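Undergrad: Dropping the structure in here first, questions after.
Here, each number is a calculation from the coordinates, and none is a lab measurement. Bear in mind the structure is a predicted one, so any value in this text is a computation, not a measurement. All Cβ positions, glycine included, derive from the backbone under ideal geometry; neighbour counts span all protein chains shown.
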Amino acid sequence: MRPRLLSGLLLLLVGGQPWLKQWAWAQRVAELRTGIIELRTWPDVTAAAAAAAWGPGGGIGSQASTRSAAVSGGGDAGAAGLDSGAAVEATGAFGLFLVAYTPGPQQLRLRRSLTSRGARLLAHLRPHTWVVAMTAEAAEQVAVESGAAMAPLGPPHRIDPEWQPLLREVEAVAAEAEAEAGMVAAQRRRRQLLGGGSDAGGEVAGEEEEDTELVAAVAVEVGRRAARALSQLQPLAGPGGPGALGSECRRRRQAAEQQPTEQGPGQGQGQEEAGSGSAAPPLPMYGVLVTLLPVPQLTAAAVGDLAADLPAALAAQLGLTQRQQGAGAGAALPPCWPLVEAPRRPCGSGGGSGPPLLQVHVCAQHLPAAVAWLSGLWQAQWLEPQWAPQLHNAVANIIAQTGGLLSLSQYTAPLAVRKPYWDAGLDGTGEVVGVTDTGVDMTSCYFYDSQYGPALAALAANSTPGPFTLPMPAARKVVAYSVVQGAAYGDPGSGAHGTHTSGTVAGAVPAGGPGGPSGLGSGYRLDNATGAVPGARLSVIDISTAGGGLTVPSPMDQTLLQVHASAGVSITSDSWGVLSRDYTAAANDFDRYLWSHGDHVALVAAGNYGQSPGLRSGQVTHPAAAKNVIAVGSCLHSPPFTFYYPFYTVRGRRLGSGQAWSQQVWPIECRDVGARDFLTGVGGPSGRNATLELVAVSGWSLQPRPPPDPATGTLAQQQGEDGGGELPAPGPSPAPAGPAAFSSSCSLPPGLVASGALAGAVAVAPASPNCSLVEQVLALQRAGAAAVLLGYTEPSNPPTPVLVSSPSAALNSTGVTIPVGYITQSLCSWLLGNMSASSRPVTFSVSLSASQGINSVASFSSAGPALDGRVKPDLVAPGFQLTSAWKTGAGAGAGAGTTQGDTCGVSVAARSGTSMSTPTAAGHTALVRQYLRTGFYPTGSPADAAAAPFTPSGMLLKAMVIAGAKSMEGGEAMATRAPLGPPPDAYQGWGRLSLPDTLPLPGLTPAGFSLQVADRGQFTASGQQAALTGITATGDGPISIVLTWYDYVSYPNALVKLVNDLDLAVSLTPPAGAASSAASVLLGNNPEDAASPSPDRLNTVERVWLSAPPPGAALTITVTAADLPSLLLSADANHTDALLPQRWAVAVVGHFSGTLASELNPAYVRQGQLGLLQPPPPKASSPRPRKSPPPSASPPALPPTSPSPSRSPTPSPKKPAGGGKSPKAPSPSPSPSATGGSAGKKKKPPPPERGGKSPPPPKKRGRS
């Protein structure tokens, strides 16, 4: 019997029997993204731990001669640190375990049992499971002592499931490429032998050289064959890739550091120099993000040692060896030598918050083996791909500021339409909005400032690489311009994406126009491209590479959000995302930052994948699908029934069952001169209601072509915008590659041509990257096709097809006479699969229909919900054909003028995408913040004596824009033609952004329309409640009540992402004398007429909608802390402050009177200062809501380290969360107390202070 097992038995005999009886649960299961795990009690858990805790690879052990947490030295696999599980156990290394608990006193005892043995409670899984880092010995002791059910999380449960399809494809392709390369190498070796012998030394050197060439050749071939799958990942280096030079230097430096210590002191330097002289250009390498365990052994220094030692150990596992170059010359690095970096280390090292993080980069063919080996390291907590980021307005301002677009004249002449919030002085002055994008053209008059012109010109002239920040605190428009590592200054190429999005937020030409004064205080003039808040300023973070790509360094909470905050930003706009739809490191970083920084609000583009079939849910990408951000979708911007749009529909019937199916198709059509469009090419001159057969072409027949002359050019890089297929790519289209640029020519399968099936039909085929686009179209045209749909070769949104060599050339010069369009690769594959399982004919129909205008969700806008069922997107805003600033001289396209002045230029363009709707929403959110900050709250007039200026939290801003979002019921989702119902739904989220449904403004909003808020509420224990009273329905219209909170970060392997759960309940008490005196209770996120409402257990937003409350009905709003499991995690679990109080905010908009009686409401505090407070209603008027029991009756919180609801009416963002004195914790039962949960008699507030200052907070009580 093992000593540890014996100690466990002794512990059980001495003191564990009562616990064992109390905790003798039945076996449990935990559902994770990676599968279902069975949790077992002692002694079964010990066998499971031995089998699964450290799977293949065992972990990186430590030897006396090596660093404490690093890889043991040596050059072979045996010295790479692959110790057995027993050896790892002997070192006391930590492992990951799931531990189930029962709410109540046992939960606290189990927690003490764990923490007393050095265990760290890292995360919570619903309903009652902890993710714990501890040694196997501690796990066994806890299992014996408590009888708790637990299970180890072995390597398979540390790998993101989204790796699986990518690794399968890469592995299959790599096997083929290696086999072919091996045959070529063998043939070469035979030829060398036939040509004559060689000495032994030369033979060895030749074999080493041959192996080096073989690795490089396989890497190139795998990259070519698996290009579609690998395009989802961020390449580290390569021609034009981000950080190519820097990454190669880092590889050489790491190799020099990893030479055997027996070499002389001068040899290391010689090796690096030798490597520098002989190294081939770096091959593209792809990243594995490895989240490490936040345990004491992994100090900042240990993580650095691990990053330095891992490459040699991993290289040994991959079969890579350094090649000796001769006496004293050292060893040269072979191609594909791994590169490891540590962008985040434990707190205190300058690396920021969050768990330690490694970025491991390997060549494509090594990804499967590297992921499998890395998952076996005891230090590893989670492995996910390093995803490649993708880029996902005068008319928009009218819609947001007036709530609609009433006529065509408002659309065609937007400058003539009154902007009521601008007219009231709400133009964003005093606000700074952060934009992370491809940078900004600072020579555009929408951003230019003459005093910083020379400094910016020097950056542009040198293409200065990051990372750096240029502060410009006195600038008119951009107060800070930052460039991240791997990026280069400016908005590269002709895309101008960042210039457009930044202009949509706050772009404005100086009042004097080009050549006039452009400094701070120079004013601005209005035009059709003026941003949402022309008085606001910007913090810009440039993530564009010199080659036109994107690079977003991790961790994003530090490299992006904290950088913006340093420039005074509280609102950020991010119009990019990654293709992953589940909880990624990006989502984790955003959630972590917002959890710790409640004053911030982040708006993120939902993505442009609305046209992807087979994904009718879960199209929202990350970080937009994070819990705490506002995900923004896109709606149209035209008046209803004003414009007609072509709709293309594919219909078929399945074989056997005859079940009908249909799919909307949105081709991106060729715009070359003379090109025919689908509407007239298929529908005829009238372009209405035509139907043709759709015929599938599953593949092309390829024939080898002689190598092209280098002078003839190469395949064009066709880079399109993110507008979802509605518009041509910005700027001049790239010239297409001629047939000679390809290694193959292509033709149709002879059988398909002979069948005549293509005659008069629309053909759908995957576009081939191996032959020219013109050649493919002509082959289909000769077979009789009436139109062509080609699946673009990359998974992201395709660009516009280009067939002619120059914009002035006519299409008929190529011989193409039929309509040509690209569709997404996913849509093409989906159509081909469904057509193969359907009977003929499958039809392609075209129709011309009027849209619902602003009540239509754009076809490209990604649909929700999130994969765990949360409401996403959160709201929509205009994002179709928005006019904004464009890069001067970038070729803005038809209808966009360029005016050049002495110092800056004016260039504008119209573009579409959720990239455009997000800055629209962010700009108007800044206007909401200015409204609250400058005293427009609560009546819409800062001159009102009751004006209560205050600095809102980000949670309140989120609650307000959602509470005031306008229902799009009666409109349609253009991607599916599905009619929209009342929100929330998967297309509109909570509705369309609408300021007049959010912010009362005299002369715009109707009399009696009101806004009331409760901000910065805090709970420190499960079961606490806050009751908000004092408002009464007027009966003149609806009332919307929204609760929001920033949740603690989720465990990436969790199926349900919610951690802390709050509940919203609204009690509606009829007025005296009503026919019925019974109060009704409505629960958040339930239909108003729900027969059996139940609490929401998924979302961090809860809304109660009262469509027609009776006049005189009193409202009691109750917020309940249903479950706060983060308070029982380790204090710095994953280096994130888990013991912060759970903060929340409530916004109420609609037709009511009165004031929310809570010191969380600045308007109520102000009334107290004016002596206008009314006594609270009697308790009897506030019936206790009837609710389902909470998910767990968690025990009282540990001794509080932070206060419960703040009583300050003017909270400052500079005040540390939870700092200072605090009032008493809220009562655990509902109460009409005006303090939002605090009991006790209120003191009379101090007399009011005028002069534009915020009212001082009342005296606080309680201990620190």
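Undergrad: Rounded if a/c is under 1.5, else prolate if a/b is larger than b/c, else oblate: which is region 1069-1136, with a ≥ b ≥ c the root eigenvalues of its Cα gyration tensor?
TA: Judged from the Cα gyration tensor, region 1069-1136 comes out prolate (a/c at least 1.5, a/b above b/c).
Undergrad: State, to one decimal in nm, how far the label point of S941 lies from the label point of T102, with both points 7 Å from Cα in the Cβ direction.
TA: 6.4
Undergrad: I would also like to ask the following. Hey, got the dipole for region 945-1046? About the Cα centre, +1 on K and R Cβ, -1 on D and E Cβ, debye to the nearest 20?
TA: 200
Undergrad: Using R₀ = 30 Å, calculate the FRET efficiency as 1/(1 + (r/R₀)^6) where r is the Cβ-Cβ separation of A754 and S849; round to 0.05.
TA: Efficiency at R0 = 30 Å is approximately 0.20.
Undergrad: Sort 169-176, 33-40, 433-440 for me by packing, meaning the mean count of neighbouring Cβ atoms within 10 Å per residue, highest on top.
TA: 433-440, 169-176, 33-40
Undergrad: Would you please give the residues with an amide H less than 5 Å from that of A546, counting only those at least 5 places away or on a separate chain, with H modeled from the backbone geometry?
TA: The answer is A488.
Undergrad: Structure shown: which of K627/K966; K887/K958; K477/K966; K872/K1057; K872/K958; K872/K966 lie over 25 Å apart, alpha-carbon to alpha-carbon?
TA: Check vs 25 Å cut-off fails for K887/K958; K477/K966.
Undergrad: Tell me, in nm to one decimal, what length is gained between D1036 and S1153 on full extension, where the rule is 0.36 nm per residue of separation less the Cα-Cα distance?
TA: In short, 41.0 nm is gained.
Undergrad: Give the calculated FRET efficiency between F468 and R117 to the nearest 0.05, with a Förster radius of 45 Å applied to their Cβ-Cβ distance.
TA: Rounded to the nearest 0.05, the efficiency is 0.45.
Undergrad: Residues with beta-carbon under 12 Å from that of N855, excluding N855: net charge, scoring Lys, Arg +1 and Asp, Glu -1?
TA: Residues near N855 contribute 0 overall.
Undergrad: Could I ask something else about it? Starting from 0.36 nm per residue, how many nanometres of slack lie between N528 and D1089 once their C-alpha separation is accounted for?
TA: Between N528 and D1089, full extension yields 197.5 nm more.
Undergrad: Between S698 and A458, what is the label-to-label distance in nm when each label sits 7 Å out along the Cα-to-Cβ direction?
TA: About 6.4 nm separates the two model spin labels.
Undergrad: Let me ask something else about it. Among rounded, prolate and oblate, which fits region 1015-1095 when a ≥ b ≥ c are the square roots of the eigenvalues of its C-alpha gyration tensor, a/c under 1.5 means rounded, and a/b larger than b/c means prolate?
TA: Prolate shape, in that a/c is at least 1.5 and a/b is the bigger ratio.
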